[in-house]
């Protein structure tokens, strides 16, 4: 009978490593959340623009990112940036790759939110004498972001789960730290089980919070 | 495959690499297809159990589904590939480990789709079935399931494409799939743009037609009752 042993958690060296992993995961998640949202917003606006070139670019951007694996995108940046003479820290490379990757999902969600704003709202805003910027700021964004809130959170959860892939380019985030610890103590079952539970807890927490927030900001159009 | 590079000289992309890439496509497609078939079967079963009227029975599949849906595939893969052999004292090859993990993962997501599309059918359809003298099972097969299938298929294709992308993770447990070969060849030839371009193209060529099919079908079935 196999005996689970979590003794390795008492070792301060491994605690340090796990702490570093958590911090790196948080850093990557935080920056990717912001950049991914901004790029997604820009591409979503591109896809609704009147210029054909911009619309085509937006469509290609989303199609391409959704139909190729994130791991390949990550390796592409990791291998090709040094070739261009740009040598970056793996953490930054993974932030770049993951931001671009999540922007595709965010773009689709935000676009759906923008489509929820009907033509009559624009006409109302024009009748009230709002400028284009004011219309976007006070009418379009508040409505579309509320509509898009739930799927955006599910994208965010996905983003957290995807950060674990970044260990493959030597980033010491949660997964990378676990892999290193496993290499030293050889307790793969315990470590990966712990990691699985940890990720589950994080995502459950986020979905619980998001449900509470969603109840507050929900609107009926 | 393993050519020796001397004094900073990197070997060029060779004709033999075409075969390596084709072989890699085979590995990716084999693992993906097998685990999609197994995952769909298991997922349908789990989804049907989820539709049960009994609250306890219907929430049983959640015990398997929620951890699989809320944790990274890499962690699941490593848990199965490195962890399970330690516990059960068996030797698990990379192929069965990859297929097991991917099918369980697919099943968890597929079960949600099945459950959603069956509950999306209005209750009036059940009543209509009963009114025509069908039994419970007969109503389900002849009335409900057919309509649910129409909602299910586009979403299922999207899921399949997603799982195809996820199958690139198996390169992390040393299976020689497209991603792994891309990595090896890219490092060997030092031509990352060309090699990763090929890898991107391979994945894109497989999944783009499917994505188009999914969005076409989604438009076809998108009408209200």
Kirkwood radius from Cα pairs of region B:14-62 plugged into Stokes-Einstein at 20 °C, 1.002 mPa s, gives D in µm²/s equal to 160 µm²/s
Range of Cα positions in chain A per principal axis (Å), largest first
72, 46, 27
Most exposed first, judged by fewest Cβ atoms within 10 angstrom, B:86, A:175, A:208 run A:208, B:86, A:175
So if we plug the beta-carbon distance of residue A:128 and residue A:219 into 1/(1 + (r/R0)^6) with R0 = 22 Å, what FRET efficiency do we get, rounded to 0.05?
0.70
Globularity index of region B:144-206, i.e. its alpha-carbon radius of gyration over 2.2 N^0.38 Å:
1.54
Whole number please: convex hull volume per residue, Cα atoms of chain B, in Å³.
150 Å³
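Let's test the formula: R0 of 35 Å, r as the Cβ-Cβ distance of residue B:149 and residue B:64. What FRET efficiency results, to the nearest 0.05?
Numbers: r = 24 Å, r/R0 = 0.68.
My answer for the efficiency is 0.90.
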Expressed in nm², what is the orientationally averaged projection area of the convex hull enclosing the Cα positions of region A:1-64?
7.6 nm²
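With 10 angstrom as the radius, rank B:168, A:207, A:144, B:52 by how many other C-beta atoms surround their C-beta, starting from the fewest. Could the numbers behind the result be given before it?
Working: B:168 27, A:207 16, A:144 22, B:52 13.
In increasing order of surrounding Cβ atoms, one gets B:52, A:207, A:144, B:168.
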How shielded is B:191-200 by partner chains, expressed as the average number of their Cβ atoms within 10 Å of its Cβ atoms?
5
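For chain A, what is the calculated [θ] at 222 nm in deg cm²/dmol (nearest 500), taking -39500 (n - 2.57) for each run of four or more DSSP H residues and dividing by its residue count?
Working: 9 runs with 165 residues, N = 221.
Taken over chain A, the calculation gives -25500 deg cm²/dmol.
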GNM result for chain B, Cα springs below 10 Å: residue of B:133, B:47, B:182 fluctuating most strongly:
B:133
Region B:149-225 to region B:4-82: how many Å between their Cα centroids?
12 Å
So for the pair residue B:116, residue B:51, with labels modelled 7 Å out along Cα→Cβ, what separation do we get in nm?
1.6 nm
Rounded to the nearest 10, the angle in degrees between the Cα long axis of helix A:141-162 and the longest principal axis of the Cα atoms of chain A comes to 20 degrees
With springs only between Cα atoms under 10 Å apart, run a GNM on chain A and tell me which of A:11, A:101, A:158 wobbles the most.
A:11
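Please compute the alpha carbon radius of gyration of region A:98-221, then divide it by the globular-protein estimate 2.2 N^0.38 Å. Two decimals is fine.
On the way: Rg = 20.4 Å, N = 124, 2.2 N^0.38 = 13.7 Å.
Compactness ratio reported: 1.49.
What's the average, rounded to a whole number, of partner chain beta-carbon atoms within 10 Å of each residue's beta-carbon in A:73-85? Working shown, then result.
Details: counts 5, 2, 12, 9, 2, 4, 10, 8, 1, 2, 5, 2, 0.
The shielding value for this peptide is 5.
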Taking N as the number of residues in region A:65-165, what value does Rg over Cα atoms divided by 2.2 N^0.38 Å take?
1.44
Under 18 Å from the 7 Å Cα→Cβ point of residue A:154, by amide nitrogen: which residues of region B:96-115?
B:105-115
Ranked from fewest to most other Cβ atoms within 10 Å of their own Cβ, A:23, A:110 fall in the order A:23, A:110
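Given just the C-alpha atoms of the protein assembly as shown, how large is their convex hull per residue in cubic angstrom?
Values: hull volume 87.2 nm³, N = 446.
Cα convex hull per residue, to the nearest whole number: 196 Å³.
Would you calculate the convex hull of the Cα atoms in region A:1-123 and tell me its volume per residue in Å³? Write out the running numbers ahead of the final one.
Details: hull volume 23.6 nm³, N = 123.
Hull volume normalised by residue count: 192 Å³.
All of the numbers you see were taken from the coordinates with simple rules; none came from a lab. Treat the numbers as computed from the prediction; the structure is a model and nothing was measured. In this analysis, Cβ positions are derived from the backbone assuming ideal geometry, glycine residues included, and neighbour counts consider all displayed protein chains.
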